[in-house]
Every structure is written in C-alpha cells, then in structure tokens.
C-alpha cells in the first residue's frame, strides 16, 4: 500500500513540476553521480546566484518523489499526510496560474534502483546535466559498478548537453553506454578533456584552482578555501556550468574565491587545545574516504589522526571496500586511526593495522571523541569521515569543537529530530 502510494504521488508531482517547467521555461541544471552530487549542486547554485534567481534545495531532495518539491519550493509531507499532499498540489497549481519567479532550477538526481534515473525524464530535458562520478553506491540494489555506470550515464540520453567529470568516470563506460551522437563535454586533470582542471597549493595549505578550456577561449584561476583536491571538482564543474550560462570570468573567479563548503563537507574547524578538525562527516563512500585521507596527508601537521566511520549501503562489496580503505591508511602519515561502526571495526581496522597504523576501535561517536582527546597533542589535525546511520561522526566532532555552542550552525544533522534519532542509537550522546 505504501509503495503504491509513493508511485502514484511520484507520478502526480513529477507531471505537475514538468508543467511548471514547460510553461515558464526556467533553465534546468540536473546533477547526478555516485559521489559529490550535493556539493556540486550547491556550488552551481551559489555561482549562478551571481546573475540569476536560482531555485534549489540545500539538503538532498534527490529522489523522484522529492525533486518536484524543489521546483515548487516546498517541504515533503509525510507519506500518510493526505492534507499535506493536497496542499502541496494546490501550491503547484497556484504557481501554474500566477507565475514562476526563478530563472534557473538546480536539481539533484539520485538513484537507488535500476530504472530510477529514467523517472526523472518525466520532468523533461535538463538544459545542462552534470555527472560527477561513477563509483560504488547503493550496491545492495544496483549490485555492480557496470550497472551503476549504465544508470548514471542514462541521464545523457534525455539531456540537451552534459558535463562529465572524467577523473571519476572510467572511459570504458563512455564507450560502452553512450551513443556516438551523444552531446557531452568532459572536465578533468587530463589534457584530453574539454576543460582541464589544475591546482596549486598555497603557503597556507589551501588550493588555487585553474580551469581552462581546450580551445583556450575560457580560463579561470582563483584561490579557494579548500584543503582537499577532490573538493575542487565541484568548483570546476560549477565554473563550467556558469560559463555556459553566460557568467563573466570575473564573477566566476569571485565565486570560487568566496565559496565555502556546507557543513560536513571538508570544513576546517577550530577544536580544543588548538586542534584542527577537518569535518567531512556528511557521508562516506570508498572514493570519498580515500580522497579525504589524501587531503589529510597533504595537510602540514605534527600529528594526524583519522576517525573513519562505516561506509553504509555497499551491500556485498562492503567488506572488501572497507579493507581497501584500511589499506589506504599510511603509517608514516597517521599517528592514530579510530574506527567507528560495524564494518569499519571488523574490516577496515585490521587492514590499517597491517599497514603499520596504530588503530583503536570505538562503539559510539562519544567514545571516539574520548579516544582522540586522550591521544592528541596540541595542534593535531583530525579528519572525521563516515556515513550516517550507526556512525554519526559529527557527534564526535561536536565534543572536540573549541566552541560547542556553535555546533548547530557548524555541523550536519543538528535538528531536534536528528538528535533524537542519534540518541536512540547511541544513548551516551547528550
């Protein structure tokens, strides 16, 4: 019954959102990919806000049922709230009658199951699609990486043009799943791409981004607030989208320089006893965790500590994926590895130990914070990374913050409902 209701509601609201888009013709930018969707979406929205009125959702409204609510600027009702759904439909009808005030809509397309990407085609053709990565995601449903690639790249078929991050998409999938007539351009660190991404590290350890088109007609260069190389991808993709939609080089460079990551995505926070915290607790996947570790390794520090939580929703490959992350831990770069979560403790921790790392397992984020506090020295650098359910590494970060009263604005998932969910799983959370 619940599944049937969701299918019906999805169809109704996708069609209504499509009518709004068709009638008022805002530019639609759709962001898909295994990792980095939300960061890229937010960067694109921020950049385009320099010249346009932009509609987007800060959170991850990225399934076929929730995406129409981004178009209409509403919150998603609970599934059994009949009045809420009817009211939401009336709001959409009012927009159809009275007008739409946005020039651009930036949407995030997430997939959990085979065929889900195709549902988004009911909204029509995105003017620009962006594919951030093809990597392990939701493997309990998608099963293998080839299926992930086929699903993610199917977005190209119903988009007017697509920008693909080739640093995280294997070329073989382009050849296998895209038609020769497909309209797309590529971004990445190889000179073979349509847009070349390069970077340099400044004296302060932050990164300067350079994006240059193959034909030499477009180039931006600007310092960023980013520490990790992987964080630059979102800015590079946003720069290309902004360029295609007519923003000047000056405005794009200013947007790059002014951009700060949202909570939980490679943010540098001040901690107790001059601790430096790299907070990347929003979510975790094998690719993202390895990239975050690489960022930690390149950060100047007398002592580095990694808090690595479970990577959820990996299905049958979870054990091997956690082992691979453990193998990526370098004893000469890390003074301590703290693991949190069932598979992180069972598979990642032993592999990191084999690499010569000192490893301690934790059963809760509170315990993880206590372990780090006992071990750390002044001016240590700590990376915190993990998935949501059963991990919530941001609660460890909270206990290590210099000013804990700022946690609600600095960290992810700090609403009363989220805190109640966390406390139900970890009773030692205050």
Given (1) at pLDDT below 95; (2) outside any helix (DSSP H, G or I); (3) over 25 Å from residue 29 (Cα atoms); (4) out of contact with any strand residue (DSSP E or B) (no Cβ under 9 Å at 6 or more places or on another chain), identify the lone condition not met by residue 316. (2)
Testing residue 88 on (1) farther than 29 Å from residue 154 by Cα; (2) surrounded by fewer than 21 Cβ atoms within 10 Å (Cβ to Cβ); (3) modelled with pLDDT of 95 or more, one condition comes back false. Which one is that? (2)
Could you check segment 40-58 and list, in sequence order, the residues that are farther than 19 Å from residue 14 by Cα and in contact with a helix residue (DSSP H, G or I) (Cβ under 8 Å, 6 or more places away or on another chain)? 40, 42, 43, 44, 46, 47, 48, 50, 51, 54, 58
Which of the strands (runs of 3 or more DSSP E) contained wholly in segment 155-269 include at least 3 residues that are more than 23 Å from residue 38 (Cβ to Cβ) and free of Cβ contacts under 8 Å to residues at least 40 places away in the same chain? 195-201, 207-213, 219-223
Selected residue (only one of 254, 302 is assigned by TED's automatic domain parsing to the domain that holds residue 410 and surrounded by fewer than 20 Cβ atoms within 10 Å (Cβ to Cβ)): 302
Condition first: outside any strand (DSSP E or B), touching a helix residue (DSSP H, G or I) at 6+ places or on another chain (Cβ under 6 Å) and surrounded by fewer than 23 Cβ atoms within 10 Å (Cβ to Cβ). Now tell me which residues in segment 337-368 satisfy that. 343, 347, 351
Out of all the residues in segment 1-39, which are closer than 24 Å to residue 282 by Cα, assigned to a helix (DSSP H, G or I) and touching a helix residue (DSSP H, G or I) at 6+ places or on another chain (Cβ under 8 Å)? 39
Restricting to segment 251-281, name every residue that is out of contact with any helix residue (DSSP H, G or I) (no Cβ under 7 Å at 6 or more places or on another chain) and under 24 Å from residue 397 (Cβ atoms). 260, 267, 268, 270, 273, 274, 276
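The values are calculated or read from the model by the stated rules, or taken from the named source; none is laboratory data. The model shown is predicted, which means the values in this text are computed figures rather than measured ones. Here the Cβ is made from the backbone with ideal geometry for all residues, glycine too, and neighbour counts use every protein chain on show.
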